[in-house]
Amino acid sequence: MNNLFDFAAKCLFTHSVEGKLAATHQAWQLHMAQQLCMESTDSPLPIANTAFPEKPEWLMPRDMPRRSLNTEAGKLAFFHALAHIEFMAINLAWDIIYRFRGLPPEFYSDWLRIADEEAQHFSLIRTHMLSLGVDYGDLPAHRGLWLQAEDTANNLLARLAVVPRCMEARGLDVTPAMIDKLKGMNDNAGVDILTRIYQDEIGHVERGSYWFKRLAIEQGQEPESCFAKLLLTYIGKPKGPFNREVRIIAGFSHNEIDWLEAGLHE
């Protein structure tokens, strides 16, 4: 039988964008057909072994050029940045599967589904970009998301706090305004893509919240205080504003959002 962790290695250690997308979709289809074994037979390689395409060039966030979405160049840069976020989200979903072993099968099922949805998102954005005359890799991209993965490579609770419950949850705060901006530019295809991503990301963050709370309790920790401590350790003061209504749907408590709005210092 096909093994989930073999697929994870295949996806994480290939330089091919197309190979990663194809293997991700194949793994999900095998899982849905109950033809994917989720038992680990080896140990994960270091996160430094992860392979990425030759392009795009990676820059530190502070070194990324700033462009207004109101310009054509800014619009292209916006969709390229969004494609990069979704591409890295595929890697992040696979890495949480690959790196953290011995968890319940439903954990791996959740993150495999998320990997498949992130791959769909990337393909939707890439198709739209190509219609605008730019492909993924034509512009530089920032290293921020993968730096957070490297920082949390040995701590599953930290990974769940930082990636789905902070980095990805940020999309819940800012995407509605982006959708409105694209509506004003009459980019209906872009609006449809962002709307689809936004709806799926609520579910992704909710799964991050669920597993963070469940695993924190299993480790004898109080989830809300554990979340605050980990964010202060790995991120520092978070950026607002915060979309309270949607974050509640995605598994945040009102206390957690109150702490976020207070800078987690109370």
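The values are calculated or read from the model by the stated rules, or taken from the named source; none is laboratory data. Quantities reported herein were computed from a predicted structural model and do not represent experimental measurements. Here the Cβ is made from the backbone with ideal geometry for all residues, glycine too, and neighbour counts use every protein chain on show.
Some values worked out for this structure:
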quantity	calculated
Yes/no for Ala228 being under 21 Å from Pro104 (Cα atoms) and surrounded by 13 or more Cβ atoms within 10 Å (Cβ to Cβ)	no
Every pair of residues 6+ apart whose Cβ atoms lie under 6 Å, when the first sits in segment 198-218 and is touching a residue at least 24 places away in the same chain (Cβ under 8 Å) while the second is among the polar types (S, T, N, Q)	Tyr198/Thr175
Residues located in segment 241-254, provided they are surrounded by 13 or more Cβ atoms within 10 Å (Cβ to Cβ) and touching a residue at least 24 places away in the same chain (Cβ under 8 Å)	Phe242, Asn243, Val246, Arg247, Ile249, Ala250, Gly251, Phe252, Ser253
Helices (runs of 4 or more DSSP H) within segment 36-153 that include 2 or more residues polar (S, T, N, Q)	105-132
Subset of segment 1-35 [part of a helix (DSSP H, G or I) and either modelled with pLDDT under 95 or of a type in the set (Lys, Arg) (or both)]	Lys10, Lys20
Contacts under 9 angstrom Cβ, first residue in segment 85-113 being within 12 Å of Phe5 (Cα to Cα), partner part of a loop (DSSP other than H, G, I, E, B) and among the polar types (S, T, N, Q), 6 or more apart	Asp95/Thr50; Arg99/Asn154; Arg101/Ser40; Arg101/Ser43; Gly102/Ser40
Residue that is surrounded by the fewest Cβ atoms within 10 Å (Cβ to Cβ) [pool: residues in segment 185-222 that are under 18 Å from Phe100 (Cα atoms) and of a type in the set (Gly, Ala, Ser)]	Ala216
Residue that is nearest to Asp192 (Cα to Cα), among those in segment 117-131 that are crowded, with 20+ Cβ neighbours inside 10 Å and within 14 Å of the chain's Cα centre (by Cα)	His121
Which listed residue, of Asp110, Asp95, is among the acidic types (Asp, Glu) and more than 20 Å from Gly19 (Cα to Cα)	Asp110
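Residues checked against (1) within 18 Å of the chain's Cα centre (by Cα); (2) surrounded by 19 or more Cβ atoms within 10 Å (Cβ to Cβ):
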{"residue": "Ala51", "(1), (2)": "yes, no"}
{"residue": "Asn70", "(1), (2)": "no, no"}
{"residue": "His84", "(1), (2)": "yes, yes"}
{"residue": "Asp95", "(1), (2)": "yes, yes"}
{"residue": "Arg99", "(1), (2)": "yes, yes"}
{"residue": "Phe107", "(1), (2)": "yes, yes"}
{"residue": "Gly133", "(1), (2)": "no, no"}
{"residue": "His142", "(1), (2)": "yes, yes"}
